[in-house]
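Take a look at the structure set out below.
The values are calculated or read from the model by the stated rules, or taken from the named source; none is laboratory data. This one's a predicted model, so the numbers in the text were calculated from it and none came from an experiment. Glycine gets a Cβ as well: all are built from the backbone with ideal geometry, and neighbour counts include every protein chain shown.
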Amino acid sequence: MRLLIVGGSDAGISAALRAREVAPDTEVTVVVADSFPNYSICGLPFYLSGEVPDWRNLAHRTVEEVERKGVKLLLDHTARAIDPASKSVTVTNSAGHSRILAYDRLVIATGAMPSKPPLEGDNLPGVHFLHSMADAFRMQQHLTHTPPHSAVIVGAGYIGLEIADALVQRGVPHVTLVVRSESVLRTTLSPSMAQVVEDELRRHGITVAKGIAVESVRARGSRLAISGTQGYEATTDLVLLAVGIRPSTELAQTAGVITGTQGAICVNREMATNVPDIYAAGDCAETWHRLLNKPTYLPLGTTAHKQGRIAGENAVGGRRQFAGSLGTQVVKVFDLAVARTGLREEDARGAGFDPLSHELRVWDHKAYYPGARELCVRVTGDRNTGRLLGAQIIGHWRSEVAKRIDSFATALFHDVHVEEMNDIDLSYAPPFSSPWDPVQMSAQAWVIADQNSSKIEKTL
């Protein structure tokens, strides 16, 4: 059995390792476009901030560790075309020399690419993207050799906020976030929760310019001049374009692989494509949404690892199915941890639910024990059934926010109703929580809000 995998990040390496675990006699080759297989792209902002001083520490596993598992890594090779009839892939190395690799089964794990808006000047010196180790090295060189006095970040998703944090830690005096929408983390948080994040950004001296689409970047001497809608003008030393990503599917399309949601590769829950013996996983592929019961596009590292593992197992004869994603995420923004799972109210309504959301502010542990900090917990449930649909939490990054959003995610995974959150046996000691954990107190508050809204409706 010859298993060929294109892509050496989360999904590709997970597929390779799982295939070798299940079928140790399989010949596994991974085609990697650069020299950095299995590196944590999610860790790049922390390398740039200086919190991770050595970029080598971003490797989940070294090349030697992967190869010791019996996986052959073909570094600095780019896959150009797939011929499903002959079961072969044409690849070129960094010198431009071509070769053809044969396969019995193929996993496409080409990931995603930065979205590039129609923006004049996006290739100027000082204008950066951040999606690869090479991107990080270029930006690190800029920050080290010509330290900027100011920076403009276009986009206020996870990468934009993490880089804003990183630049402040690096001592950049003036950092501005420019966002097209009317709030940061628009697709992640409800507006009221996003406002908490904006307040934290401003508390650390970051300017947030909302409702502005950047249209051009021009060189102005040694600096960069930015123009946007609503008459927006700014002059800066560094620009980061962080307006999202798109699935990288050009290779898959050479084989006749069908794409779907947001241009991602269509796969079934076994991660198989429409072309026999070709699988796909990770940020290039669709994701089965566990709540919506349909494919969507949720590019996340955690999802890529899971999908890759399933694709690798099934490529060597397994029949495992992807259980689905809930979009569970967490990000650190200065002193805050910001987390969500499941559906926001607006998403739930669009999916045909009758959602009700309720926010509760509560201490992360017993207030009499020193160091108690406030959490803001927003619970969304279905009024018709009482079913839990989603949750958002914001609090100090040491307040176990990630642990608590994981409690909600686990409940969502098992289709728990909001009231049933009270039955879960959660841990308690005064330095860590309360007899009723904030997760449960917020569930109780939602039930009361639901009952009150029902009474008001009956009165009307």
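Select from segment 116-136 the residues that are exposed (fewer than 14 other Cβ atoms within 10 Å of the Cβ) and either out of contact with any Ser or Thr (no Cβ under 9 Å at 6 or more places or on another chain) or under 23 Å from G171 (Cα atoms) (or both) and list them in ascending order.
Those that are exposed (fewer than 14 other Cβ atoms within 10 Å of the Cβ) and either out of contact with any Ser or Thr (no Cβ under 9 Å at 6 or more places or on another chain) or under 23 Å from G171 (Cα atoms) (or both): K116, P118, N123, L124, P125, A134.
If you scan segment 313-330, which residues turn out to be more than 20 Å from T410 (Cβ to Cβ) and buried (at least 19 other Cβ atoms within 10 Å of the Cβ)?
Passing the criteria: E313, N314, A315, V316.
Do you know which residues across segment 377-399 are in contact (Cβ under 8 Å) with a residue 60 or more places away in the chain, more than 14 Å from F353 (Cβ to Cβ) and either acidic (D, E) or not in a loop (DSSP other than H, G, I, E, B) (or both)?
Those that are in contact (Cβ under 8 Å) with a residue 60 or more places away in the chain, more than 14 Å from F353 (Cβ to Cβ) and either acidic (D, E) or not in a loop (DSSP other than H, G, I, E, B) (or both): V377, R378, Q392, I394, H396.
Scan (1) at pLDDT below 95; (2) over 28 Å from the mean Cα position of the chain (by Cα) for the single condition G244 breaks and write down its number.
Unmet condition: (2).
Looking at segment 280-291, can you tell me whether even one residue there is within 30 Å of A449 (Cα to Cα) and surrounded by fewer than 22 Cβ atoms within 10 Å (Cβ to Cβ)?
Among the residues of segment 280-291, at least one is within 30 Å of A449 (Cα to Cα) and surrounded by fewer than 22 Cβ atoms within 10 Å (Cβ to Cβ), which makes the answer yes.
Which of (1) under 18 Å from D34 (Cα atoms); (2) within 28 Å of the chain's Cα centre (by Cα) does H128 not meet, given it meets every other one?
(1) is the only condition that H128 fails.
Residues are listed down the side, and each one gets a yes or a no for (1) among the hydroxyl-bearing types (S, T, Y); (2) touching a residue at least 12 places away in the same chain (Cβ under 8 Å); (3) crowded, with 23+ Cβ neighbours inside 10 Å; (4) assigned to a helix (DSSP H, G or I):
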| site | (1), (2), (3), (4) |
| --- | --- |
| T302 | yes, yes, no, yes |
| H305 | no, yes, no, yes |
| A311 | no, yes, yes, yes |
| T341 | yes, yes, yes, no |
| G352 | no, no, no, no |
| Y369 | yes, yes, no, no |
| L375 | no, yes, yes, no |
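Condition check: without any contact (Cβ under 8 Å) to a residue 40 or more places away in the chain and surrounded by 20 or more Cβ atoms within 10 Å (Cβ to Cβ). Does V214 satisfy that?
No, not satisfied.
Could you list, in sequence order, the residues of segment 110-141 that are in a helix (DSSP H, G or I) and touching a strand residue (DSSP E or B) at 6+ places or on another chain (Cβ under 7 Å)?
M133, D135, R138, M139
R290 is checked against (1) more than 14 Å from L106 (Cα to Cα); (2) out of contact with any Gly (no Cβ under 9 Å at 6 or more places or on another chain) and fails just one. What number does that condition carry?
Unmet for R290, out of (1) more than 14 Å from L106 (Cα to Cα); (2) out of contact with any Gly (no Cβ under 9 Å at 6 or more places or on another chain): (2).
Which of the following residues is more than 21 Å from L291 (Cα to Cα), buried (at least 22 other Cβ atoms within 10 Å of the Cβ) and either modelled with pLDDT under 95 or not assigned by TED's automatic domain parsing to the domain that holds R290 (or both): S454, S399?
Matching residue, one of S454, S399: S399.
Restricting to segment 80-120, name every residue that is at positive phi and within 27 Å of the chain's Cα centre (by Cα).
Correct list: G111 only.
Okay, residues lined up against (1) in the same structural domain as I394 (by TED's automatic domain parsing); (2) in contact with a Pro (Cβ under 8 Å, 6 or more places away or on another chain); (3) basic (K, R); (4) under 26 Å from H396 (Cα atoms):
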{"residue": "G301", "(1), (2), (3), (4)": "no, no, no, yes"}
{"residue": "K306", "(1), (2), (3), (4)": "no, no, yes, no"}
{"residue": "R309", "(1), (2), (3), (4)": "no, no, yes, no"}
{"residue": "D335", "(1), (2), (3), (4)": "yes, no, no, yes"}
{"residue": "A339", "(1), (2), (3), (4)": "yes, no, no, yes"}
{"residue": "G350", "(1), (2), (3), (4)": "yes, no, no, no"}
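So T144 ticks every box in (1) outside any strand (DSSP E or B); (2) of a type in the set (S, T, Y); (3) more than 21 Å from V52 (Cα to Cα) but one. Which box is left unticked?
(3)
For segment 422-431, state whether one or more residues are touching a residue at least 24 places away in the same chain (Cβ under 8 Å) and either under 29 Å from D354 (Cα atoms) or surrounded by 15 or more Cβ atoms within 10 Å (Cβ to Cβ) (or both).
no
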